[in-house]
């Protein structure tokens, strides 16, 4: 059974309920896992006012599709949806959604975590925060690299 895949990079908010409905449709799916990441109000000890995400569309979409393809080689998934927002985001805004449906929960959890770990280290997004101490670009974290290395 081929995995159905939806990947989007967008400025608009996403509809979690619609994503869940789509992921849940295959009757062969026994598990649906959704991860939703949000813009934190605190980072590195500073209050965050806004987050700006920049990207090169063709490069970003190619990288996201490659990450999902790698996950599809490792786990038998029915459906995958990956949405990443770009542009100006406020604290509390939803920034990323990774959803998978699989026959079993173990595969669903692992595939979802794999996609998210690789997003943090392989996806070409550039993040700039506006904090109470000014603007700063966000650097890759060692903990993100370690998380991806476990796969």
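Determine whether the range 103-119 contains at least one residue that is within 17 Å of the chain's Cα centre (by Cα) and either farther than 25 Å from residue 17 by Cβ or surrounded by fewer than 16 Cβ atoms within 10 Å (Cβ to Cβ) (or both). Looking through the range 103-119, at least one residue is within 17 Å of the chain's Cα centre (by Cα) and either farther than 25 Å from residue 17 by Cβ or surrounded by fewer than 16 Cβ atoms within 10 Å (Cβ to Cβ) (or both).
Being under 15 Å from residue 120 (Cα atoms), touching a helix residue (DSSP H, G or I) at 6+ places or on another chain (Cβ under 8 Å) and assigned to a helix (DSSP H, G or I) is a property that residue 67 has. Criterion first (closer than 24 Å to residue 33 by Cα and touching a residue at least 12 places away in the same chain (Cβ under 8 Å)) does residue 138 satisfy it? Here the answer is no, as residue 138 does not meet what is asked. Kindly evaluate residue 92 against the criterion of being more than 20 Å from residue 146 (Cα to Cα), assigned to a loop (DSSP other than H, G, I, E, B) and over 12 Å from the mean Cα position of the chain (by Cα). It is true that residue 92 is more than 20 Å from residue 146 (Cα to Cα), assigned to a loop (DSSP other than H, G, I, E, B) and over 12 Å from the mean Cα position of the chain (by Cα). Beta carbons closer than 9 Å, at least 6 apart along the sequence or on distinct chains, pair a first residue in the range 76-87 that is at positive phi and surrounded by fewer than 22 Cβ atoms within 10 Å (Cβ to Cβ) with a second that is modelled with pLDDT of 95 or more and part of a loop (DSSP other than H, G, I, E, B) for 87/11. Would you be able to tell me the number of residues in the range 26-49 that are farther than 29 Å from residue 79 by Cβ and crowded, with 16+ Cβ neighbours inside 10 Å? Selection size over the range 26-49: 2. Taken over the range 11-27, the residue count meeting the criterion of being more than 22 Å from residue 70 (Cβ to Cβ), in contact (Cβ under 8 Å) with a residue 60 or more places away in the chain and either assigned to a helix (DSSP H, G or I) or touching a strand residue (DSSP E or B) at 6+ places or on another chain (Cβ under 7 Å) (or both) is 6.
Output the residue which, of all residues in the range 28-59 that are under 20 Å from the mean Cα position of the chain (by Cα) and without any contact (Cβ under 8 Å) to a residue 24 or more places away in the chain, is nearest to residue 100 (Cα to Cα). Among those that are under 20 Å from the mean Cα position of the chain (by Cα) and without any contact (Cβ under 8 Å) to a residue 24 or more places away in the chain, it is 58.
The values are calculated or read from the model by the stated rules, or taken from the named source; none is laboratory data. Because the structure is predicted, anything quoted here is derived from the model rather than measured. FYI the Cβ positions are ideal-geometry reconstructions off the backbone, even for glycines, and counts take in every protein chain you see.
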